[in-house]
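Trainee: Input: one structure, supplied below.
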Amino acid sequence: MPAVLVTVAAAALTVTTVTASTAAPARAAACTGYVGLTFDDGPSGNTTKLLDALGRNGLRATMFNTGQSAAANPSLVRAQVAAGMWVANHSYTHPHLTRLSQAQIDSEIARTQQAIANAGGGTPKLFRPPYGETNATVKSVAARYGLTEIIWHVDSQDWNGASTDAIVQSAARLTNGQIILMHDGPANTVAAIPRIARTLTSRGLCAGTISPQTGRAVAPT
């Protein structure tokens, strides 16, 4: 009887070893690259639906919040963090920063840092200027607050009334390290999330975080 037990135990060990060795490459192969999903202008009345859609589809994203919206909706900022999202700075009132004085730019960025921190979103490391408009002054002020400026590689055009199909097609153009611009509010954007997730998976791409060092999407830490 002891001999039989030893044989069975050895067989079990063999099975376990084989399973572990075959599972590891499968996990490694799941993500051949990372992309940055970003959503501007929140939090809003649509944030909860957006977070639900992202969560159901196993996606994480960077939320470029405006300071005034964060101050008005602190519970939604906390919901973003609780859902595994990264919270970033998108100015306080969403102005054309390149038309403002250095002091006004400073106020827009500083107040947003404080509003997000007060709402429970931590201290942002990333900053996206509204409309993607920037210059040397905007960049220097952002840098003083330890912020890395992030624009985008692909514009989903959801702010311009893009259809769900068009948003999905935009996301399909992403390649490793690239970032897509989307927004918190449009219903078509929320509707596109499941298909974006499937498209990324089919291409071996996963939703990653944005590196403050390189400004590109990388594996979450």
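Trainee: Name the residue that is surrounded by the fewest Cβ atoms within 10 Å (Cβ to Cβ), counting only residues in segment 163-176 that are farther than 27 Å from His94 by Cα and in contact (Cβ under 8 Å) with a residue 60 or more places away in the chain.
Mentor: The qualifying residue surrounded by the fewest Cβ atoms within 10 Å (Cβ to Cβ) is Thr175.
Trainee: Quick check, is Ala30 among the hydrophobic types (A, V, I, L, M, F, W, C), open to solvent by less than 20 Å² (accessible area, probe 1.4 Å) and under 21 Å from Ile179 (Cβ atoms)?
Mentor: Answer is no for this residue.
Trainee: Kindly establish whether Arg198 is open to solvent by 60 Å² or more (accessible area, probe 1.4 Å) and either modelled with pLDDT of 95 or more or of a type in the set (D, E, K, R) (or both).
Mentor: It is true that Arg198 is open to solvent by 60 Å² or more (accessible area, probe 1.4 Å) and either modelled with pLDDT of 95 or more or of a type in the set (D, E, K, R) (or both).
Trainee: Among the residues that make up segment 147-164, is at least one of them more than 30 Å from Arg56 (Cα to Cα) and in contact with a Leu (Cβ under 7 Å, 6 or more places away or on another chain)?
Mentor: yes
Trainee: Assess whether Ile179 counts as being crowded, with 20+ Cβ neighbours inside 10 Å, within 18 Å of the chain's Cα centre (by Cα) and in contact (Cβ under 8 Å) with a residue 24 or more places away in the chain.
Mentor: yes
Trainee: I've got another one for you. Can you tell me how many residues within segment 34-63 are closer than 24 Å to Thr93 by Cβ, in a helix (DSSP H, G or I) and either touching a Cys at 6+ places or on another chain (Cβ under 7 Å) or open to solvent by less than 10 Å² (accessible area, probe 1.4 Å) (or both)?
Mentor: Counting residues in segment 34-63 that are closer than 24 Å to Thr93 by Cβ, in a helix (DSSP H, G or I) and either touching a Cys at 6+ places or on another chain (Cβ under 7 Å) or open to solvent by less than 10 Å² (accessible area, probe 1.4 Å) (or both) gives 2.
Trainee: Let me ask something else about it. Could you list all residues from segment 182-221 that are free of Cβ contacts under 8 Å to residues at least 40 places away in the same chain and β-branched (Val, Ile, Thr)?
Mentor: Thr199, Thr201, Thr214, Thr221
Trainee: Another question, then. Please list, ordered by first then second residue, the pairs with beta carbon atoms under 6 Å, 6 or more apart or interchain, first in segment 78-106 and under 17 Å from Thr137 (Cβ atoms) and touching a residue at least 40 places away in the same chain (Cβ under 8 Å), second in a helix (DSSP H, G or I) and of a type outside the set (A, V, I, L, M).
Mentor: Short answer, once both residue conditions are applied: Asn89/Thr112.
Trainee: Also, I was wondering about something else. I'd like to verify a number: residues in segment 78-111 that are open to solvent by 20 Å² or more (accessible area, probe 1.4 Å), of a type in the set (S, T, N, Q) and in a loop (DSSP other than H, G, I, E, B), how many?
Mentor: Result for segment 78-111: 2.
Trainee: Taking Ala119, is it touching a Gly at 6+ places or on another chain (Cβ under 7 Å), buried (at least 16 other Cβ atoms within 10 Å of the Cβ), free of Cβ contacts under 8 Å to residues at least 60 places away in the same chain and more than 22 Å from Gln178 (Cα to Cα)?
Mentor: No: the conditions fail for Ala119.
Trainee: So, of the residues in segment 197-211 that are of a type outside the set (Gly, Ala, Ser) and more than 24 Å from Pro130 (Cβ to Cβ), which turns out to be nearest to the chain's Cα centre (by Cα)?
Mentor: My answer is Cys206.
The values are calculated or read from the model by the stated rules, or taken from the named source; none is laboratory data. Small disclaimer: the values here were computed from a predicted structure and weren't measured. Please note: Cβ atoms are built from the backbone with ideal geometry, for glycine as well, and neighbour counts cover all protein chains shown. These accessible areas exclude ligands, DNA and RNA; they are computed on the full protein's heavy atoms, side chains included. Shrake-Rupley method; radii C 1.70, N 1.55, O 1.52, S 1.80 Å.
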